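Report on one structure; see the data block that follows.
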Amino acid sequence: MSTIDVRVEKKIVEADGIVSLELHAAGDAPLPAFAAGAHVDIHLPNGLVRPYSLCNAPHDSGRYVIAVLREPNSRGGSLAVHETVQVGDVLSISMPKNHFPLVAAHRSILIGGGIGITPLLSMAQTLHASGSAFELHYCARAQSRTAFREHLLGSPFARNVRFYFDERGDAIDMAEVLAAPAQETHLYVCGPAGFIEFVTASAKRLGWPDGNVHFEFFAAPENPGEQVNTAFEIEIASKSIRLTVPEDRSVADVLLDNGIDIPVSCSQGVCGTCLTQVLSGTPEHRDMYLTDEEKARNDQFLPCCSRALSRVLVLDL
Ligand code: FES
């Protein structure tokens, strides 16, 4: 996996519990270009790898900006960014990847919940620069927890932005915002799982075609319901070996324990980094990344979280 070394040029407190990092190339080579909606995997000093959306404008070349919420139940990723990473540090990051790209449209509606604003910020700047019609709806618990608020209020597209704060009892009116589904209008949503489910369910109810609704999860749902793990086997096609995946281990854990290196980032079935082809057997998909159609094909799965319905899964590794 090729990585890029970047230097932390700035670390700014953007709101309560949210810091941004501005990253510059550590060597002579410029940073690769990216498109709105892209993220990079950041290799943190504690060994964890975490995906973060790029929130600056793609045409604002020479830097990447990410923003990170300090998660109360952090498994170490957001904590490392907040407490360990400092200005001047050099970090390894992946090339930008984009699973949440903008598509050409007459009009775009961007709806962000909390820290889910980050990819939408990049989108808003891109849409503004290209003269496209768009509106940005930003829902947050409180003004003090609203990253980039001043930046948005001072932006040349401030009139396209609307804020909603739980503390003021503001609630986004989905029936109003999503009132006019049209073939040429696309909706983009990012935020916590419950927020995305609320917006996408509203869009469905209001007649939005699935193909016009795009979303990216920041984290898997906190309570995915009762899921019982059973042991199964995986076969590594290129090596003709079989390994047992016990109830309390993921496929990714077992692969890494056995020296089979696969890229892993979010470990929650959200980012798609660990996507692996399945040659035979039936996966039990538990991710938030693949579409229903992709899951139904059963020819790929996310080994950081998904398991097997068949006794054996043969993996194209
Ligand atoms: S590592 Fe993110 S989906 Fe598996």
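Structure notes:
- Take the conditions (1) away from the ligand (no atom under 13 Å from the Cβ); (2) without any contact (Cβ under 8 Å) to a residue 60 or more places away in the chain; ASP253 misses just one of them, which is (1).
- The residue that is most open to solvent (accessible area, probe 1.4 Å), among those in the range 276-295 that are in a loop (DSSP other than H, G, I, E, B) and more than 7 Å from the ligand (Cβ to nearest atom), is THR291.
- Of all the numbered requirements in (1) more than 16 Å from the ligand (Cβ to nearest atom); (2) out of contact with any Phe, Trp or Tyr (no Cβ under 7 Å at 6 or more places or on another chain); (3) part of a strand (DSSP E or B); (4) of a type in the set (A, V, I, L, M, F, W, C), PHE195 misses one, and that requirement is (3).
- Filter result (part of a loop (DSSP other than H, G, I, E, B) and open to solvent by less than 50 Å² (accessible area, probe 1.4 Å)) within the range 296-317: ASN298, LEU302, PRO303, CYS304, CYS305, SER306, SER310
- Residue match in the range 14-37 (condition: under 29 Å from ARG141 (Cα atoms), open to solvent by 60 Å² or more (accessible area, probe 1.4 Å) and not in a strand (DSSP E or B)): yes
Okay, residues lined up against (1) modelled with pLDDT under 95; (2) within 15 Å of the ligand (Cβ to nearest atom); (3) part of a loop (DSSP other than H, G, I, E, B):
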{"site": "PRO45", "(1), (2), (3)": "yes, no, yes"}
{"site": "ARG50", "(1), (2), (3)": "yes, yes, no"}
{"site": "ASN56", "(1), (2), (3)": "no, no, yes"}
{"site": "HIS59", "(1), (2), (3)": "yes, no, yes"}
{"site": "ILE66", "(1), (2), (3)": "no, no, no"}
{"site": "PRO72", "(1), (2), (3)": "yes, no, yes"}
{"site": "SER78", "(1), (2), (3)": "yes, no, no"}
{"site": "VAL85", "(1), (2), (3)": "no, no, yes"}
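Condition check ((1) in contact with a Ser or Thr (Cβ under 6 Å, 6 or more places away or on another chain); (2) in the same structural domain as PHE165 (by TED's automatic domain parsing); (3) within 14 Å of ARG50 (Cβ to Cβ)) across all residues:
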| position | (1), (2), (3) |
| --- | --- |
| PRO72 | no, no, no |
| GLY76 | no, no, yes |
| GLY88 | no, no, no |
| LEU102 | no, no, no |
| ILE117 | no, yes, no |
| LEU120 | no, yes, no |
| HIS128 | no, yes, no |
| GLU135 | no, yes, no |
| ALA142 | no, yes, no |
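- Residue check for SER202: away from the ligand (no atom under 13 Å from the Cβ) and modelled with pLDDT under 90: no
Quick grid of which residues meet (1) in a loop (DSSP other than H, G, I, E, B); (2) open to solvent by less than 40 Å² (accessible area, probe 1.4 Å):
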position	(1), (2)
PHE163	no, yes
ILE172	yes, yes
GLU176	no, no
GLN183	yes, no
ALA201	no, no
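- Taking the criterion of being under 19 Å from ASP5 (Cα atoms) and buried (at least 21 other Cβ atoms within 10 Å of the Cβ), the residues of the range 69-83 that qualify are GLY77, VAL81.
- Meets criteria (under 28 Å from GLY47 (Cβ atoms), away from the ligand (no atom under 16 Å from the Cβ) and among the polar types (S, T, N, Q)) for SER238: yes
- Unique residue being in a strand (DSSP E or B), at pLDDT 95 or above and under 30 Å from LEU127 (Cβ atoms) when the list is VAL6, VAL40: VAL6
The values are calculated or read from the model by the stated rules, or taken from the named source; none is laboratory data. As the structure is a prediction and not an experimental result, all values here were calculated from the model. Methodologically, a virtual Cβ is constructed for each residue, glycine included, from the backbone with ideal geometry; neighbour enumeration extends over all protein chains shown. For the accessible areas, the whole protein counts, side chains as well, though only heavy atoms, and no ligand, DNA or RNA atoms are used. Shrake-Rupley method; radii C 1.70, N 1.55, O 1.52, S 1.80 Å.
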